[in-house]
Amino acid sequence: MTAQQIPYLTVSTPDGPVVHETEVKKSRFLCSLLRVEDEAEAQAFIASVRKQYWDARHNCTAFVIGDRPRRERSNDDAEPAGTAGAPMLEVLRRRGLTDTVAVVTRYFGGVLLGAGGLVRAYGGAVSAALDRAVVVERRLVALLAVGADHQSAGRLENDLRAAGHLVREAVYTGSGVRFEVGVPAGEEQSFAAWLAAASAGAADLEPIGTERVDVPWAGVHRSR
């Protein structure tokens with residue numbers, strides 16, 4: 001299986017809840033963002049925001065869950081059709097996000113915005129909140145056990161880190177040192193070749209499994 005065939009190889013998502021308020025012609029727009037694992041968690045968050053802001057005129061929603069397949073939903077919550085949830089969802093798509101739910105709460109200020117104004121206001125509220133969010137990429141990595149003797153372990157660890165490999169832990173035993181290394185899924189063979197060259201064939205390599213980890217978002221998304 002190649003890296004491109006592995007679902008969830010890399011997807012971007014905000015790290016932690018965000019609440020940000022904007023104002024448009026006296027109407028207040030509060031955007032609440034949360035990273036979620038599934039649709040049930042997204043719906044629970046939506047319900048909690050609606051309960052918190054029960055006195056608001058509208059609590060419009062959009063979320064994206066998963067990747068290949070993706071599940072997308074939006075709701076205008078009595079705003080004119082297509083003027084709230086859809087532009088909110090479009091912002092999440094344009095930013096390349098998944099596992100993210102957005103709720104924009106509107107407190108009406110007495111001035112009608114019109115359809116175009118609503119689209120800009122709701123989409124802008126999500127964009128402004130995302131600008132203040134910490135966004136990370138969730139990458140699927142292969143976990144590998146790398147073994148070395150005590151004499152060469154220090155140099156090998158330095159080489160691993162200098163080459164940008166993820167060293168998760170080092171376990172010292174009587175016979176040597178065992179490093180747990182994370183490698184992007186699909187790149188195990190190239191890592192094995194690098195390790196053989198770096199250790200002159202002396203290091204042992206054993207697969208452990210796979211895990212999803214968060215890394216800082218580089219601002220580049222794969223095409224869908």
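Details
- The requirement of being out of contact with any strand residue (DSSP E or B) (no Cβ under 6 Å at 6 or more places or on another chain) and open to solvent by less than 70 Å² (accessible area, probe 1.4 Å) is fulfilled nowhere in the range 51-59; no residue meets it.
- Count - residues of the range 9-42 that are modelled with pLDDT under 90 and open to solvent by 80 Å² or more (accessible area, probe 1.4 Å): 3
- Test: residue in the range 147-160 that is over 22 Å from TRP54 (Cα atoms), in contact with an Asp or Glu (Cβ under 9 Å, 6 or more places away or on another chain) and in contact (Cβ under 8 Å) with a residue 40 or more places away in the chain: yes
- Residue within the range 54-61 that is more than 25 Å from GLY114 (Cβ to Cβ) and over 22 Å from the mean Cα position of the chain (by Cα) present: yes
- Test: residue in the range 54-71 that is of a type in the set (D, E, K, R), touching an Asp or Glu at 6+ places or on another chain (Cβ under 9 Å) and under 22 Å from GLU137 (Cα atoms): yes
The values are calculated or read from the model by the stated rules, or taken from the named source; none is laboratory data. Just so it is clear, the model here is predicted, and its values are computed rather than measured. Positions of Cβ are backbone-derived with ideal geometry, glycine not excepted, and every protein chain shown enters the neighbour counts. When the accessible area is computed, the model is the full protein with side chains, heavy atoms only, and any ligands, DNA or RNA have been set aside. Shrake-Rupley method; radii C 1.70, N 1.55, O 1.52, S 1.80 Å.
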